[in-house]
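No lab work stands behind these numbers, since they all come straight from the coordinates. In this text, all values refer to a predicted model and were calculated from it rather than measured experimentally. Neighbour counts are summed over all protein chains in view; Cβ atoms, including those assigned to glycine, are modelled from backbone coordinates with ideal geometry.
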Amino acid sequence: MELRLILGDQLNAGHSWFHTQDPAVCYLMAELRQETDYCRHHRQKVLAFFAAMRAFAAALTKAGHRVCYLTLDESAPWPDLPSLLAAQLEAHQADRFAWQSPDEWRLASQLTQWASGLAIPTAEVDSEHFLTPRDGWRRYPHSRMEFFYRALRKQYRVLLDERGQPLGGRWNFDAENRAKLPASQPIPAPLTFANEVSDIDAMLTRHGVATIGSADADALPWPVTRRQSRALLEHFLAHCLPHFGRYQDALSERGWSLFHSRLSFSMNSKMLHPLEVIRAAQAHWQANQATISLAQVEGFIRQILGWREFVRALYWEKMPEYRRTNFLGAERPLPGFFWNGETSMACVRHAIRQSLEHGYAHHIQRLMVTGNFALLAGIHPDEVDTWYLGIYVDAIEWVELPNTRGMSQFADGGLMGSKPYASSGAYLERMGHYCKGCHYQVKARSGPDSCPFNSLYWHFIWRNRDKLGNNPRLALPYANWDGQTTEQQQAILTTAEHHLLHLERL
Ligand code: FAD
Ligand code: SF4
């Protein structure tokens, strides 16, 4: 008997393990306290993972595979992975053990260490999901995501002409993808699923699993099967792709996902393969070029073929040291309003309340609203990571950590991005509609009613001069700062210092 472990984010029905049915193989899947408790997750995230795992186990069983599935009730005697595996090897009289490479360093090291002490043959196999190997950082040009992405476009022949050149004569249409959402632009209603998960919800309550955010256990909106994931992909192609790139950076209270795909959970749990999504987007664009421009599909594909693979390569190259990086020496605790949305800053309030309600925020909300605020306020990256790792339904450390520590908090000193994603209120006003109804004045740089993003931005620039002053991409902000009078600078810094002392009251 061979026992094969399937982790909760390894729901890849296309894996070669499942090409044949073998009565001498048993697939083990388990809901574990170790996984519900390594961080405080959004309730929808735990519900979605467990529901998707159960559906996957049922589909495997239906396809003729032998599956041992343990609910949280059944796995209670073995709350952590090593004790569970030891007990299950014994129970199944297994004389071989195999597992797919985990994506998280935490689980990979735990499993490798545990398996090294076994007296039976063991095998670690690829999860057959990513488009680059784990050591992709060394194999692909990695100085910037853009070069990594171009290499993958060539390797997988994505959006290339017959000479191997990029369609449209350019690799990147980012400059065209920065429009504000006009008030008259209709937004498609997000496709949601009404998955009934009250039994899982009751189980979480029974076991006292601590979660954050709200959930409707009678109608969980996230896709939990491959069929639902494919439906979400089709919905995205038909309704969101035509404007994806154009409004990719837009902020609006009119919708919670705008033209974004919300496919991250389906991909991160591996119900969808990234290449399947990329090929579907390219084919849909090819068939609909009258209504969808190249800039829209290129912008979407770059996120998956470029960013997603790039962050994974960075994660595996730099862990475990990466999770201790703090280049800017940020030390403040996360303000309490991150956990309840009670702040007078309209943009931050909306992003946090939406995150608590839906377990989702789109990239610009994560990067330029909550992430930007934490960066400017000098919040310790550990605290920022804990929040991002818990709150989003798609949050798994391999993708969360480089995005949070690296891209958003610049704690890696510039591996993810060549400059910090720091901005004043002017950017948020340009890309969103919040400022008009906000308690703070976006045009004011100092004084009690001035937009906190303004004074905190200049304080950030000022206080980090020794670390950022030589960055050529920040030459303009430093020239702007130096061009202000001493009185202006002093007023801004005094306002910022006041905000920093009273972050909880903002
Ligand atoms: P879309 O905008 O529709 O993009 C399509 C797909 O591209 C996404 O589903 C995702 O798979 C991929 N993608 C886009 N941007 C990135 C990126 N920067 N890195 C990796 N993949 C990307 N993404 C996660 O999947 N899990 C996380 O825990 C996570 N944490 C983040 C934390 C911060 C501070 C920031 C700034 C970004 C984070 N991201 C994370 C990246 C990105 O914001 C999400 O992938 C995206 O918002 C998911 O929504 P979507 O599926 O609608 O994306
Ligand atoms: Fe956000 Fe400042 Fe605008 Fe208020 S004024 S919504 S805090 S950017």
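Observations, loosely collected:
- Considering all C-alpha pairs of region 2-125, those separated by over 25 Å amount to 18%.
- Bridgeable lysines around K180 (alpha carbons under 22 Å apart, same-chain partners fewer than 8 residues away excluded): K436, K443.
- Placing unit charges on each Cβ (+1 for Lys and Arg, -1 for Asp and Glu) gives the chain a dipole about its Cα centre, and among G329, L263, A295 the Cα reaching farthest toward its positive end belongs to A295.
- Per the Cα gyration tensor, region 263-354 maps to an equivalent ellipsoid with semi-axes of 34, 22, 13 Å, ordered largest to smallest.
- Other residues lying with their Cβ under 9 Å from the Cβ of T404 contribute a combined charge of 0, Lys and Arg counting +1, Asp and Glu -1.
- Between the alpha-carbon centres of region 365-388 and region 444-480 there is a gap of 17 Å.
- Nearby lysines by direct alpha-carbon distance to K45 (threshold 24 angstrom, same-chain neighbours under 8 apart not counted): K270
- Simple spin-label estimate for Q110 and T61 in nanometres, 7 Å along Cα-Cβ: 2.5 nm
- In region 44-183, a dipole from Cβ-located charges (positive for Lys and Arg, negative for Asp and Glu) runs towards its positive end, and of F173, F148, T132 it is F173 whose Cα lies farthest in that direction.
- Averaging Cα coordinates gives a centre for region 1-31 and one for region 267-326; these two points are 26 Å apart.
- Note on region 466-506: Cα-Cα pairs beyond 12 Å make up 67% of the total pair count.
- The Cα-based radius of gyration of the chain, divided by its Kirkwood radius, gives an Rg/Rh of 0.98.
- Positive-end ranking of A24, L47, F97 along the dipole of region 1-106, with charges on Cβ about the Cα centre, is headed by L47.
- Here the relative contact order of the chain, from alpha carbon pairs under 8 Å that lie six or more residues apart, stands at 16 percent.
- Counting only Cβ charges, +1 for Lys and Arg and -1 for Asp and Glu, the dipole size of the chain around its Cα centre is about 1500 debye.
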